[in-house]
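Enquirer: Handing you this structure, nothing more for now.
Each value in this text was obtained by applying a stated rule to the coordinates, not by laboratory testing. Computed from a prediction, not measured in an experiment: that's the story for all the values here. As a convention, Cβ positions derive from the backbone with ideal geometry for all residues, glycine included, and neighbour counts pool all protein chains shown.
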Amino acid sequence: MAAVQQLCQSEKPLRRHQSIDDKARSRHEERITEVFEVGDALKGSDWNGLILAVIRVQRYRLDRNTGTGMWKCASEIAYYLATFKPTAELAAAAIRGHWHIENRLHYIRDTTMAEDASRVRKNPGVMARIRSFAGNLLRANNVKNINDARYRNALGGIEHLAKYRFM
């Protein structure tokens, strides 16, 4: 990790991309994505020859507290290793795309389906697959609000569930 940070501090990036996201309510985020060529920075490590680029993403975020109206600043730096040299735009899109998966799948399973509170201790992977299957089934049927659909399915009985298509 130190070699990666040293590389990003001492070298100029090959490519750079800046994006601003202020579409969210009470939140403003600026992201700077930079791609660095590895060169000899990882020489002597197990990664030498495998990693061709280092991607650094700097995030600066302003969150507005709706109660007080005050803004809170936060910043973070994340490093990613790549086996090819992407453009900064491609790297930024891939990293944001990963969070799309996190938000669509894991967030639903953790909050709506209460996976973290589950008391299943034997073969918990089976229940995780069932939760994923249920979420995918609802999405395939164009359900926008999974929590609301779960409630309606519980009240509607087997007749309501029979309306879903499985293919």
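Enquirer: Return a single number: how many Lys pairs in the chain, at a sequence separation of 8 or more or on separate chains, have alpha-carbon atoms below 18 angstrom apart.
Expert: Qualifying lysine pairs in the chain: 4.
Enquirer: Also, I was wondering about something else. Would you kindly calculate the mean projected area, averaged across all directions, of the convex hull enclosing the Cα atoms of the range 11-167, in square nanometres?
Expert: With the hull built on Cα positions only, its mean projection is 14.9 nm².
Enquirer: At a 10 angstrom cut-off on C-beta neighbours, averaged per residue, how do the peptides 155-161, 35-41, 142-148 rank from highest to lowest?
Expert: The packing order, highest mean first, is 35-41, 142-148, 155-161.
Enquirer: Right, something else. Could you point to the residue in L52, S19, G69 farthest towards the positive end of the range 13-70's charge dipole, with +1 and -1 charges on the Cβ of Lys/Arg and Asp/Glu respectively?
Expert: Of the listed residues, the answer is G69.
Enquirer: As an exercise, identify the chymotrypsin sites (Phe, Trp or Tyr not before Pro) in the range 69-155 lying in DSSP coil whose Cβ has no more than 13 other Cβ atoms within 10 Å.
Expert: F84
Enquirer: Kirkwood hydrodynamic radius (Cα pairs, Å) of the range 1-86?
Expert: With all distinct Cα pairs of the range 1-86 included, I get 14.5 Å.
Enquirer: Got a sec to turn the phi values of the range 80-93 into Karplus ³J(HN,Hα) couplings, 6.51 cos²θ - 1.76 cosθ + 1.60 with θ = phi - 60°, whole Hz, x for Gly and Pro?
Expert: So the Karplus estimates, Gly and Pro as x, are 10, 10, 10, 8, 9, 9, x, 6, 5, 5, 5, 4, 4, 5 Hz.
Enquirer: While we're on this one: In µm²/s, what is D for the range 40-119 at 10 °C and 1.306 mPa s, where D = kT/(6 pi eta Rh) by Stokes-Einstein and Rh is the Kirkwood radius from Cα pairs?
Expert: 98
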